[in-house]
Each structure stands twice: as structure tokens, then as C-alpha cells.
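**Q** So that we are looking at the same thing, I have put the structure below in C-alpha cells.
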Amino acid sequence: MIETLKIAIQKSGRLHEGSMKLLKECGIEISNGNNQLRVMAANFPIEVFFLRDDDIPEYVQDAVADIGFVGENVVQEASKSVDAIEKLGFGKCRLSIAAPKNGSINSINDLDGKKIATSYPSILSTYLNEKKISASIHQISGSVEIAPRIGLADAICDLVSSGSTLFTNELKELETIFFSETVMISNKSLSNEKKILLESLLFRIRSVKKAKNNKYVLLNAPNEKLQSICNLLPGMKSPTILPLAEPGWSSVHSVISESDFWNVIEKLKANGAQGILIIPIEKMII
Ligand code: ATP
Ligand code: ZN
């Protein structure tokens, strides 16, 4: 029998689309029709299980699935015995303590003796212990943001991304206690065959991630400025330089990281670069 790598992803919710998209970008074809629980990929020995995100760490620990894509927040809270292997670059959010905008709680020091509602009692209690704050924790599983308004708690500890839910519920953010993004977790005792499949999937994921963090850049430059322009664009090895039909000018091709992008573009222009084109890269194999 050929080994397959069993991968658990969220059935529906905030991580579902990003997880499916990442697999697709890795060239793995999965149909998600008919509300199925598990699906074999058409062209890679992978079987995808669609689960509630909270169940993923346990299923991976118990080897029901070999790997899973899940929020670091869920992994941290669940404290199961799994390995976190690779951050996946989506599902970014933060776990924050927030309190009513016009109330008496203005900093975490005002939380002593107060009641905090959260779905993350373990992460929160660790934080409160570290800060020597003695507040009581009220665990609820959803709609945490309405807890202060209905008199269930004085403050909340919940996931935030844009902050719009806090704003709508007239809450102010006091402190972030945990930053999170989607991470790949793995069972701790994979067979050698499964490890080989995992390495091949990881290679694809890293190529996709690298491509997203980089752009292909093309520009025209006067020959006397080529050296200073090349110094700004080291690229993967070194830039490609091709002569233009117009004497004294060259075309320079290179790769530039997304984070350096605007900074370097300014400097390229200042060095006489013209007709700068920035093109997305689909995969990057180094
Ligand atoms: P399930 O039905 O699978 O249990 P859920 O309702 O618990 O779903 P979602 O709201 O879909 O979960 O969130 C899944 C994950 O998305 C979170 O655990 C977190 O890692 C991430 N996330 C990113 N931004 C946010 C946000 N603003 N609020 C909540 N979760 C977010
Ligand atoms: Zn959940």
C-alpha cells in the first residue's frame, strides 16, 4: 500500500480558504464538494480531513491526522504533544485583553479582583500569573465580545485582527498577550515514508511562501549607472543585464524582497532607473 500523508484543515471558518489556497498553490488538487469529511488529493499522496479547528491539535497528537494547519492560538491553548513545524503566513491575529471604552478599567493593573471572559483560559491564566494579577476567568466558547454588556464579565480576552469587533462593541484594547498565525503542526512519531512526503510538501510550501515575499523587477538603466543599480538589487545570484536597442542603455532583471520594495524603488529612481516593472513571482526554488 502506498503511504499517504493525512492532513487536517478547518472545515469552514477563517482558516478554511487560506488552507485550501495554500494546497492549491502547492499544486495539490483537492475537491471540496459534497460536504465530505475526507478527500484524497488527485495528484499527490495526501488525504485531507475537514475538521473543527479546536479538534486539530488532538487529532494530530493521536495520529488520526499526520499534520494539521491551525492557529498558533489554538495549539498553545490546547497544549497537546505535537511539533509546530512551519508558520504559514495567513490567519494572522492577536489575543488581547479589552475592557469597556468608558469604564473604570484603563490598564491591566485595574484588572485585580475583576472577572474576564475568554475562550482562552489557559493562555490568559499564564499571562495573569506572570503579571501577578488576580482576576477570575470566566470561560465561554463564543461571542466573548458581548460579555461586558450583558453583565457576564468586567473585561474580555479575545482574538482581534482589525479591531472592528472591539470598536462595534465599545471596547478598548488594553494589552496583547499572544500573537498568532496559522502554523503547520505534525505528529511526533511519523514513519519514514510519511516524513519523506512531509519534506516534499514543505519544500513546495516554502517555495510558495518565498515567492510571495519577493517580486521580480525589470528596469532600464543608463550604462554608467549600472554598478550602483546592481548594488541595490543583488537578486538571487546577481542581476541579469541585457543591452537595449538604444545605445548606452541596458535592461536589468532581478528579484527584490517585498519588505525592501518601496525603499529600494526610491533609490533606483534616484540612480536614473526608468520604466520600472514589478511582477509577482509564482514559485521560487532556491
Ligand atoms: P470552528 O468551527 O472550526 O471551531 P471557530 O469559530 O472556532 O471555527 P474561526 O472564527 O473560523 O474559528 O477562527 C479560526 C482561527 O482563525 C482562529 O483560531 C485564529 O487562529 C484565526 N483568526 C484570524 N483572525 C481572527 C479574528 N479576527 N477572530 C478570530 N479568529 C481569527
Ligand atoms: Zn473553533
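**Q** Within region 215-239, can you find the residues that are assigned to a strand (DSSP E or B) and either within 32 Å of the chain's Cα centre (by Cα) or under 13 Å from Lys283 (Cβ atoms) (or both)?
**A** Of all residues in region 215-239, those assigned to a strand (DSSP E or B) come to 215-222.
Within region 215-239, Lys215, Tyr216, Val217, Leu218, Leu219 qualify.
**Q** If I ask for residues that are in contact with a helix residue (DSSP H, G or I) (Cβ under 9 Å, 6 or more places away or on another chain), within 16 Å of ligand 2 (Cβ to nearest atom) and in a helix (DSSP H, G or I), which ones from region 61-99 would you list?
**A** Those that are in contact with a helix residue (DSSP H, G or I) (Cβ under 9 Å, 6 or more places away or on another chain), within 16 Å of ligand 2 (Cβ to nearest atom) and in a helix (DSSP H, G or I): Asn73, Val74, Val75, Gln76, Glu77, Ala78.
**Q** Can you name the number of the only condition in (1) out of contact with any strand residue (DSSP E or B) (no Cβ under 7 Å at 6 or more places or on another chain); (2) in the same structural domain as Asp154 (by TED's automatic domain parsing); (3) exposed (fewer than 14 other Cβ atoms within 10 Å of the Cβ) that Asp62 fails?
**A** Going through the list (1) out of contact with any strand residue (DSSP E or B) (no Cβ under 7 Å at 6 or more places or on another chain); (2) in the same structural domain as Asp154 (by TED's automatic domain parsing); (3) exposed (fewer than 14 other Cβ atoms within 10 Å of the Cβ), Asp62 breaks only (2).
**Q** Another question, then. Quick check, is Glu246 assigned to a loop (DSSP other than H, G, I, E, B), among the charged types (D, E, K, R), over 27 Å from the mean Cα position of the chain (by Cα) and surrounded by fewer than 16 Cβ atoms within 10 Å (Cβ to Cβ)?
**A** Working: assigned to a loop (DSSP other than H, G, I, E, B): yes; among the charged types (D, E, K, R): yes; over 27 Å from the mean Cα position of the chain (by Cα): yes; surrounded by fewer than 16 Cβ atoms within 10 Å (Cβ to Cβ): yes.
Here the answer is yes, as Glu246 does meet what is asked.
**Q** Exactly one of these conditions fails for Pro57: (1) under 30 Å from Glu175 (Cβ atoms); (2) away from ligand 2 (no atom under 16 Å from the Cβ); (3) modelled with pLDDT of 95 or more. Give me its number.
**A** (2)
**Q** Please verify whether Ser141 is buried (at least 16 other Cβ atoms within 10 Å of the Cβ) and of a type in the set (Ser, Thr, Tyr), treating the condition exactly as stated. Can you show your working first?
**A** Details: buried (at least 16 other Cβ atoms within 10 Å of the Cβ): no; of a type in the set (Ser, Thr, Tyr): yes.
It is false that Ser141 is buried (at least 16 other Cβ atoms within 10 Å of the Cβ) and of a type in the set (Ser, Thr, Tyr).
**Q** Something else: Collect the residues in region 199-214 that are of a type in the set (A, V, I, L, M, F, W, C), more than 16 Å from the chain's Cα centre (by Cα) and over 13 Å from Phe69 (Cβ atoms), keeping them in residue-number order.
**A** Step one: list which residues in region 199-214 are of a type in the set (A, V, I, L, M, F, W, C), which gives 201-203, 205, 208, 211.
The next check asks that each one be more than 16 Å from the chain's Cα centre (by Cα); those that pass are 201, 203.
Within region 199-214, just Phe203 meets the criteria.
Condition check ((1) of a type in the set (Val, Ile, Thr); (2) surrounded by 15 or more Cβ atoms within 10 Å (Cβ to Cβ)) across all residues:
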| position | (1), (2) |
| --- | --- |
| Ile185 | yes, yes |
| Glu199 | no, no |
| Ala211 | no, yes |
| Ile229 | yes, yes |
| Met236 | no, no |
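**Q** Contact list please: Cβ distance under 7 Å, first residue in region 92-108 and more than 19 Å from Gly71 (Cβ to Cβ), second residue part of a strand (DSSP E or B) and acidic (Asp, Glu), pairs at least six apart or on different chains.
**A** Between residues of region 92-108 that are more than 19 Å from Gly71 (Cβ to Cβ) and residues that are part of a strand (DSSP E or B) and acidic (Asp, Glu), the close pairs are Ile108/Glu175.
**Q** Let me ask something else. State which residue pairs qualify: first residue over 19 Å from Ala211 (Cα atoms) and inside region 10-26, second residue part of a helix (DSSP H, G or I) and within 14 Å of ligand 1 (Cβ to nearest atom) in any location, beta carbons under 8 Å apart, and separation of 6 or more residues or different chains.
**A** Gln10/His16; Gln10/Ser19; Gln10/Asp53; Gln10/Ile56; Gly13/Asp53; Leu15/Asp53
**Q** Okay, moving on. Any chance you could count how many residues in region 22-56 are surrounded by fewer than 17 Cβ atoms within 10 Å (Cβ to Cβ) and within 16 Å of Gly71 (Cα to Cα)?
**A** Selection size over region 22-56: 2.
The values are calculated or read from the model by the stated rules, or taken from the named source; none is laboratory data. A quick note: this is a predicted structure, and the numbers were derived from the prediction, not measured. Cβ: placed from backbone, ideal geometry, glycine included. Neighbour counts: every protein chain shown.
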